[in-house]
Every structure is written in structure tokens, then in C-alpha cells.
1. Using Cα pairs under 8 angstrom and six or more residues apart, how large is the relative contact order of the stretch 393-511, in percent?
2. Counting other Cβ atoms within 10 Å, keep those with at most 13, restrict to DSSP loop, and tell me which trypsin sites (Lys or Arg not before Pro) in the stretch 137-215 are left.
3. Any chance you could run the full-extension gain for residue 252 through residue 431? It's 0.36 nm times the residue separation minus the Cα-Cα distance, nm to one decimal.
4. What are the ³J(HN,Hα) values, in whole Hz, obtained from phi via the Karplus relation 6.51 cos²θ - 1.76 cosθ + 1.60 with θ = phi - 60°, for each residue of the stretch 166-182 in sequence order, with x given for Gly and Pro?
5. Net charge near residue 218: determine it from the other residues with C-beta under 12 Å of the C-beta of residue 218, scoring Lys and Arg +1 and Asp and Glu -1.
6. Given the options 418, 453, 277, identify the residue whose Cα lies farthest towards the positive end of the charge dipole of the chain (+1 on Cβ of Lys, Arg; -1 on Cβ of Asp, Glu).
7. What distance in nm lies between label points placed 7 Å from Cα along the C-beta direction at residue 161 and residue 339?
8. Which length gain, in nm to one decimal place, applies between residue 450 and residue 467 when the Cα-Cα distance is subtracted from 0.36 nm times their residue separation?
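Coordinate-derived values only; no laboratory data. A quick note: this is a predicted structure, and the numbers were derived from the prediction, not measured. Here Cβ is always computed from backbone atoms with ideal geometry, including for glycine, and neighbour counts include all displayed protein chains.
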Amino acid sequence: MGTHMRTDVLITGAGTVGLCTALMLARQGVSALAIDRAAAPPVHPRAMGIGPRTVELLRELEIVDVVDAACMDMTGSNLQMFSAPTLAEADLDALAAAAPPRTAEFDQLTPRALRGTCPQHELDTALLAAGAPAEFGAELLSYQQDDAGVTAMLRDGREVRARYLVGADGARSTVRAAAGIGTTGPGALGQPLVSVLFHADLSDLTGGHTFIVCDITTPEAPGGLLPVDGHFKWIYHFRYDPAADSFEDFTTQRIEERIRAATGKSQLELEIVSVLPWQARGAVATAFRSGRVFLAGDAAHVIPPVGAFGMNTGVADGHNLAWKLAAVLDGSAGPGLLDTYEAERRPVALTAMEQAMARLADPSLHWARGPEGAERRAAAGVLNAPVVHLGYRYDSGAVIGPEPVLPSTEDVELDLDGAPGSRLPHAWLADGRSTLDLVRGRFTVLAGPDGEQWLKELPEVDGHVIEDRAWLRRAGIGESGALLVRPDGFVGWRATQAGEPGALTEAYRRILHRS
């Protein structure tokens, strides 16, 4: 007879999204466990770009310094993406001199930035070290749900009883398939690719320069070279025609020859660490929930890589879902709150997929800067990347206010204006904290200096008076208004001035779907 286990939330998939969701739930006091069929976490980076919203969440989890230390140091570097026949033929000094200065587009909008790109497996390592509850070598075979919970059967014979199940088990999600949930979108995009993690000393070619990707154009080995650590670890990825080659045809010797051709060093000493096939895809699940089962990350949406929207969208899924599950589990919210997960996150995923696909068709739309870049994006219906990462707005039963309208497709600062459904505007306070630090996973009321009556209306909710007049104007509440901020840092309700007694309490009750 198999062993019986119990947990509040079982998460299938212990990649970045599963680990983040598990750790966020644990920090909310929820019993959670992320399981993964792999025997150990992967060492092959599947993504490199950590977006600004994810950085905010890592800061909330108090691991941002650890992650920053694992980043490739791009301090002072203004090289991003460039093309060359081979790396040896790229004049990095000249390219760096000609490249526009690296923009500080998030500096005034968010309290922390990373010093460069970070390989995804290093992020996973930091999450595990921080206590993300996870077990590797544990595979879900099947599950059944009833009115009280979900019973999951693992391959090793164990039975896990959970109140809720979260499928964060990737693009070929077992959880999604078993729930009968389909996907919408174009599916596979272009030719399949091979991603190679290798070690080599290319310092004589880079001259100390760091960059995001070098697009290799030589006919012998077209593809992309990405530095992982800026020193000895590299990713080389290339497309292949399955009509002419299969993945198995790429022997170690053949791959080494391609890497030498791509770098332009015929005698390069290198070590291939791992080789993975992959394919760009665009797909979003038709539903993010089936009863007590939820989808997050690649199980819910697969987003093409240009823009680094995929993993970051998945991490935000987990953050959105964690506080809602915690509130329902501890009885402070009604079960209807869980319906708002799909209502809020699925539109964000659809937008991220559409924006990534537009960039896939023309990557220059992503990198273009200045008025000309803005004009080209506007003509193509493309949002500026900061808007995709930070500027989206929720429209659901957990937001009280008018239908959200995005003020700008280019200037994300205009989008972070305190409107219900938007992420709380950041500003540094006199005590050195960010306004985002006042939330930290709890409902919070922020009021102007003449709005202290708002703080008395909900004594069970944290309250703070904000003296910064510029921030008050930006947040749209003036001297006597208030914001009710949800545990995920999004504005749930706004009063632009002193209002009727009980209005805040009613908004709080409605957001939590209390009967």
C-alpha cells in the first residue's frame, strides 16, 4: 500500500514557476509542495532575462541579492544584440562605442534592478536555498478531484491529498491534458532548434565586453551565441531542417565543429555540457482553472523567447494565485476570489504571447529606442517592453473601479498611475523604504495626510499615511484620498478624495468575495 501524504497545495513542476509559487505560498503560511519528475534541477539555462516585476517579487522574497550575485555583470555595458559573421569578426570595441547608452528605463519605476542577465538554473538554485518546498524524482501519474480537494497518484505509489492542485508542469502539461483544457494560438513557430551549453575561454574575442546575444551569420554555422556568465559558460543555439536532419544526427563532433565555426576559432578548446532540442511556440490555455486545479507558467502559456516575457509571466502567475489561495484557505476570502485568477492572468498571457510574436517577426521593434522606435512600434501595434512587463492592468471581480484603460503603449510611468487594477506606483519614502515595501503580502491602505480616517475604517488592515505630494498626485489620491492595495501589490480600489464612511470596507469585502 502506498504512503499517504497531505498538503494544502500540490504543485506539479519544480521549475522556476513551480518553485516561486511554492515559496510564495509558504511565505503566506500555506502548506505547499512542488514535485518534479526530474531527478535533480536542470543545469541547462532555459531563459536568461529576469524582468523588473520578477525582480520586485524576488526582493519581496528577500533573495534578490543572491540572484544578483549570480547574474552576468553587465554594469557599464551598452551592448545588447548585434550581428556578425563570427564572434571573432565582431569588432566589439567599435560596436560598444557606437551603441546607444543602456537606458535606465526602470530606475524611477521600481526599487531594484539586477546588474545583468541571470541563467534560469541559478534563479532556481536561489529559490531552493531560500526554502522553496520541493521534491525531485516524484512524478504525477493521475489525479481526481472532488468537492473537498484533489487526490494525486505518484509513480512511486504514493497518494497525495491536497486542497488544490497547481499544474506548472510545462508546455506538455499532464495536469492540463487530464483536465481536458485545450490551447489557442499558432503553436510551433519556425524550424526546431538545438541549444548547446558549453564551456570555453573566449576572452580573447570578447575583450571583457558583455552582451546579450551575438547573431552569427556565417553560412557554416548560423545561430546565436549567448554568454551565460560573461567568462567561460556559453549557450549556442541553431536551427535545423528536420527534413534534412534529425536531432540525433547532431553528434558531439558535429556540434563542436559548428561552435568553432560560429566563434571563428578553428582550434577552440571547448567542453559540451548539455544539448537540448527546443522549438519556439505560441499557445495559451483556453482556461486557467478547472475546479480545484489551476495552471501556471508554460502549462498555461508558451510564449516565444523574444522579449523575455515567458518565464516572467509565469512567475507573476504564481504570485497572483498564491495570495488568493492563502486567503481562501484561511477563510478570509470566499471561494469566488479564485475565479479572478483566470480573469486577470489569461489576458496578460495573451498580450505577452502576441507581443512576443510581433517581435519574433521583427526583433528590431524590441530593441529600437527613441522617438523613431516608438513610432515604428505604434505603426506595428507593438507595446514597449516595459509596458508588457509592468504596465498591464487587471479587470476582474477583485478590482473595484471603472473598466481599465491603458494610458500609454510606450511610457510605462503613465500606466503606473494608481488606477484600480494597476501595480502600485513606486516611490522612495523618507525612511528608505519603497511604497511597495509597505505591502509585503498583506492588504494595505495608503492615504494622504488628510485621509487618516481611511486608516481607521479597516483596523485589521495595515495602513500608512504618505506625505510625498508628488507621489500622491501620481497615484491620483491627493491629500485626502486613499488606495486599497491587494497583497500582490496591485491597487484594488481607489478614493480620489475623502468619501462616504463604509466605502473602503465595502470595497474590501467585494474584493475578497465575502458573502
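1. 29 percent
2. Listed in order of number, the matching sites are 155, 172.
3. 58.8 nm
4. Running phi through 6.51 cos²θ - 1.76 cosθ + 1.60 with θ = phi - 60° gives 10, x, 10, 9, x, 4, 9, 4, 5, 5, 5, 4, 5, 7, x, 8, x Hz.
5. -1
6. Farthest along the dipole direction, towards plus: 453.
7. A separation of 2.9 nm, rounded to one decimal place.
8. Contour length minus Cα-Cα distance gives 5.2 nm.
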